[in-house]
Each structure stands twice: as C-alpha cells, then as structure tokens.
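The values are calculated or read from the model by the stated rules, or taken from the named source; none is laboratory data. Please read all numbers here as calculations on a predicted model, not as lab measurements. All Cβ positions, even for glycine, are placed from backbone atoms using ideal geometry, and neighbour counts span all protein chains on display.
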C-alpha cells in the first residue's frame, strides 16, 4: 500500500510472492493491493487523487504486472466524491469497479459478464 509521497507505506513482499507476484520496486504499482483469500483475488486499487482512474491503458499495465500470479485480479478506481467520479467517468475501463468514499457501502460496476470478480 502506498501513495505518491510514501510509495511503500506498507509492503508485504512475501505475501505477494506467495501468490506468485514478483514486484519490480521501480514499476508502476497500484496505490493499494489487497488479497481476498476467500476468493483468491488480488484487488488492485487506484486512488484517483494520485494518478487517475483505472483507464484501459492502466488496466493493461496492471494486468501485465500481476499476470504471473495465481490469484485473479480485480481493478478498482477509488474516488473521494461522486462529483470527482463524474469528472473521470468517461476514462474508466470496462470490466472494472468504482468505489466512492462518500458512499462506502456501494460499488459501481463497469459492465462485464459478472458483478465483482476477475476476468480472464
């Protein structure tokens, strides 16, 4: 987990390695990486305030970075407010999720064959 000021605020390298993910310390890591063991998902969260949402280019970069892992990848763009979300809405990649801090118990799903989960 990190941000632009402190890129490696918390980093469990062994935890990712156990799931087959080798991290390039100079690579473009997402802001937050969460392992969801019940589903064996890696949830990759981009805080829009740092570098923008998960757009098609960013989704492809993250897919390559985490392709060698054994867990499925779920992509999430995190916004502080719905007003912030509305400014970036057109840039968000299909088959991703959006989370808004002012409505934390809800997700916005950007199409796909299922709600919340990795895609092959």
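For this structure, a couple of remarks:
- Leading residue by the ranking (farthest from the chain's Cα centre (by Cα)) among those in the stretch 65-80 that are in contact (Cβ under 8 Å) with a residue 40 or more places away in the chain and assigned to a strand (DSSP E or B): 72
- Within the stretch 81-100, the set of residues being in contact with a helix residue (DSSP H, G or I) (Cβ under 9 Å, 6 or more places away or on another chain) and in a loop (DSSP other than H, G, I, E, B) comprises 92, 93, 94, 95.
- Subset of the stretch 69-80 that is within 9 Å of residue 99 (Cα to Cα) and in contact with a helix residue (DSSP H, G or I) (Cβ under 9 Å, 6 or more places away or on another chain) - its residue that is surrounded by the fewest Cβ atoms within 10 Å (Cβ to Cβ): 80
- Any hit, the stretch 102-110, residues being under 12 Å from the mean Cα position of the chain (by Cα) and modelled with pLDDT of 95 or more: no
- Test: residue in the stretch 41-48 that is touching a strand residue (DSSP E or B) at 6+ places or on another chain (Cβ under 9 Å) and surrounded by fewer than 17 Cβ atoms within 10 Å (Cβ to Cβ): no
- From the options 39, 28, residue that is part of a loop (DSSP other than H, G, I, E, B), over 23 Å from residue 117 (Cβ atoms) and at pLDDT 70 or above: 28
- Scanning the stretch 84-108 for residues that are free of Cβ contacts under 8 Å to residues at least 12 places away in the same chain and either crowded, with 19+ Cβ neighbours inside 10 Å or within 17 Å of residue 51 (Cα to Cα) (or both) yields a count of 4.
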